[in-house]
Amino acid sequence: MKPTLPSAATLPEAVQRVATALAALGHPDSPLMLDAAARTAQQAADALGVRLGQIAKSIVFRHIASTRAVLVVCAGDRRVDEARVAQHVGALARADAAFVRARTGFAIGGVSPLGHAEPPIALIDDSLWRFDRIWAAAGHPHAVFALSPDDLPRWLGVAASAVSAPGARA
C-alpha cells in the first residue's frame, strides 16, 4: 500500500496534533496516511515495506502510584518486559483502551510517541538503535511518520534503556 501525504486540513485531529508537534520540534517529515491499517507493528511494517524492528511501537501501561500513562517505545520485533519497566518507574498495571485514550489522546493502534494529551512517563528501549530510520504511529491506525532513533531521547527527555525481554521477539 502506498503512503500518501494529505493536506493538513484533511488529517484527523490526533494526526494534526502529531504533525504540529513534529513541526514544533523542527522535524522535516510529516505524518503519512497509509491505505492499509497499521494497528500492529507487523501491519505497519508490511504497509511500509520495512523490517518489523523498524517499527517503533508505543506500549502504554498505567502507573500505579500516580495513575499517569507510562509510554514504552520499543522495536516492533521485541516484547516489552514489564518487570524491567517497573524497575525504572515503579509498579504498573495494564492500560485498557479507555485509559489509553484519556491519558494519551490516541486510540490503541495509533499511539504516537509525541503529542500526548497528558505528558507520559516515558521509556525508550535500546533495541531501536539497530536501525538508522524507524517509523512510529502518528495518532491514527493509518498514520505513521519516519524518524531516527536519536530523535526519541531529545523529544521524550529520557535516555534509552533495556526494557525489552532479553532475546524476546514479538
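Readers should treat all values here as calculations from the given coordinates under stated rules, not as data from a laboratory. For clarity, every value in this text was computed on a predicted model and none was experimentally measured. Neighbour counts run over all protein chains shown; Cβ positions are idealised from the backbone, glycine included.
Okay, here's what the table says:
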{"read-out": "Computed [θ] at 222 nm, deg cm²/dmol, the chain (DSSP H ≥ 4; -39,500 (n - 2.57); rounded to nearest 500)", "value": "-7000 deg cm²/dmol"}
{"read-out": "Distance in nm between pseudo-label sites at Asp96 and Thr40 (7 Å out along the Cβ direction from Cα)", "value": "2.3"}
{"read-out": "Cβ charges +1 (Lys, Arg) and -1 (Asp, Glu), total dipole of the range 1-102, debye", "value": "240"}
{"read-out": "Rg over Rh [alpha-carbon atoms, Kirkwood Rh] for the range 91-143", "value": "0.99"}
{"read-out": "Radius of gyration and Dmax over the Cα atoms of the chain, both given in Å", "value": "14.7, 43"}
{"read-out": "Average Cα contact separation per residue, the chain, under 8 Å, 6 or more apart, as relative contact order %", "value": "26"}
{"read-out": "Simple Cβ-charge dipole of the chain, Lys/Arg +1 and Asp/Glu -1, about Cα centre, in debye nearest 20", "value": "280"}
{"read-out": "The range 35-41 - phi-based ³J(HN,Hα) in whole Hz, Karplus 6.51/-1.76/1.60, Gly and Pro as x", "value": "5, 9, 5, 10, 5, 10, 4"}
{"read-out": "Formal net charge of residues neighbouring Phe99 (Cβ-Cβ distance under 13 Å; K, R +1; D, E -1)", "value": "+3"}
